[in-house]
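The values are calculated or read from the model by the stated rules, or taken from the named source; none is laboratory data. Keep in mind it's a predicted model, so treat the numbers as computed, not measured. Here the Cβ positions follow ideal geometry from the backbone for every residue, glycine too, while neighbour counts run over all protein chains shown. Accessible surface areas use protein heavy atoms only, side chains included; no ligands, DNA or RNA. Shrake-Rupley method; radii C 1.70, N 1.55, O 1.52, S 1.80 Å.
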Amino acid sequence: MNDVKIIFFDIDGTLIDTQIKRVSEKTLEALRRLRARGIRICLSTGRSPVSLPRFEDVTFDALITFNGSYCYDRTQTIFSQPIPPQDVRRLLANAAALGRPVCAATKDRLAANGRDADLVDYFAIAGLEVPVAQDFEAVCRQDVYQFMLGSRKEEYPALMDGVPGAKIAAWWDRAVDVIPAAGGKGTGVEKTLAHFHLDRAQAMAFGDGGNDLEMFGAVGLGVAMENASPALKAAAGDVCGHAARDGVYHYLKDHGLI
């Protein structure tokens with residue numbers, strides 16, 4: 001693994017255990033030691049920029065947010081692809097017909113038009129509350145990079161009916177992220193590698209959910225957490241320990257990367 005120059009990390013279920021909901025000291029140590037060795041570190045998450053957790057004394061080289069729809073580093077935007085306005089309107093109508101409240105995400109805001117049990121529990125995984133906002137409609141007239149809402153698989157066809165410019169990125173069976181059709185963590189990784197003039201063979205990634213499948217396809221080695229979905233484990237080049245037991249730290253240490 002001496003040729004690894006950049007590593008992409010999912011957050012929830014990977015760097016942060018979904019039950020503990022905090023970054024462990026060993027995880028922080030691993031990230032610091034990677035940077036000290038000159039290996040670039042990047043977040044790759046479904047979260048928005050405004051809902052990223054704090055990683056004490058750790059500076060990331062790039063951040064892939066909204067499942068790849070908005071990517072940036074410390075100085076500039078690397079890639080930006082909001083959902084087309086006509087698809088925003090149709091998706092909101094479809095969600096309303098299903099009786100599903102929706103949370104819209106712009107670069108600077110999260111705004112919801114209501115809450116249900118699935119959406120509340122989805123936000124709780126990240127230790128957040130659903131931000132119901134009176135100006136929801138105004139927010140949706142801005143560039144929307146992602147919608148979050150409770151949804152089961154049987155609702156997907158009705159939710160996405162007539163919405164060609166967006167797609168579902170799901171890593172939990174009770175809720176979905178809806179992102180631009182041209183988005184996805186794989187796209188975000190590809191844009192970030194090009195930004196740093198690196199090849200996929202020099203990249204690896206850690207993840208745990210279905211929305212990490214595309215990311216694994218864009219790097220030389222994808223490592224699934226012990227707590228990852230069966231589909232992601234099947235697509236992974238390797239498996240590390242559980243997020244609750246500092247699986248990322250121990251894998252990096254055992255393979256001489258830190």
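Observations
- Cβ-based net charge around A182, under 11 Å, with every Lys or Arg adding one and every Asp or Glu removing one: +2
- Spatially near lysine pairs across the chain, Cα under 22 Å, sequence gap of 8 or more or different chains: 15
- Dipole magnitude of the stretch 1-118 about its Cα centre (Cβ charges: Lys, Arg +1; Asp, Glu -1), debye to nearest 20: 160
- Available extension along the chain between R141 and D254 is 35.8 nm, counting 0.36 nm per residue and deducting the alpha carbon span.
- Applying 0.36 nm per residue to the separation of Q76 and K21 and subtracting their alpha-carbon distance, the gain on full extension is 16.9 nm.
- Helix-only [θ]222 nm of the chain, DSSP H runs n ≥ 4, -39500 (n - 2.57) each, per residue, nearest 500: -7500 deg cm²/dmol
- Counting charges near L252 (Lys, Arg +1; Asp, Glu -1) among other residues having Cβ under 13 Å from its Cβ returns a value of +2.
- Area accessible to solvent at R32, 1.4 Å probe radius, in Å²: 80
- Only Cα pairs under 8 Å and 6+ residues apart enter the sum, and on that basis the relative contact order of the stretch 89-210 stands at 23 percent.
- Our coupling estimate for the stretch 231-246, obtained by passing each phi through the Karplus curve with A = 6.51, B = -1.76, C = 1.60 and θ = phi - 60°, is 5, 5, 4, 5, 8, 7, x, 7, 10, 10, x, 5, 4, 6, 10, 6 Hz, Gly and Pro reported as x.
- Cβ-defined net charge surrounding D208, 11 Å radius [Lys, Arg +1; Asp, Glu -1]: -4
- Computed from label points 7 Å out along Cα-Cβ, the spacing between Q134 and D116 is 2.6 nm.
- For the stretch 153-217 versus the stretch 107-151, the inter-centroid distance based on Cα atoms is 19 Å.
- Matching the structure-derived volume of the Cα convex hull per residue in Å³ against the labelled list (i) 192; (ii) 114; (iii) 141 gives the label (ii).
- Long-range amide H partners of T18 with built H, under 5 Å: G13
- Take the chain with all the other protein chains still there, run a 1.4 Å probe, and you get 43 Å² of accessible area per residue.
- The calculated FRET efficiency for A97 paired with K233, based on their beta-carbon distance and R0 = 35 Å, is about 0.45.
- Note on E29 and D199: the model spin-label points, each 7 Å out from Cα along the C-beta direction, lie 3.5 nm apart.
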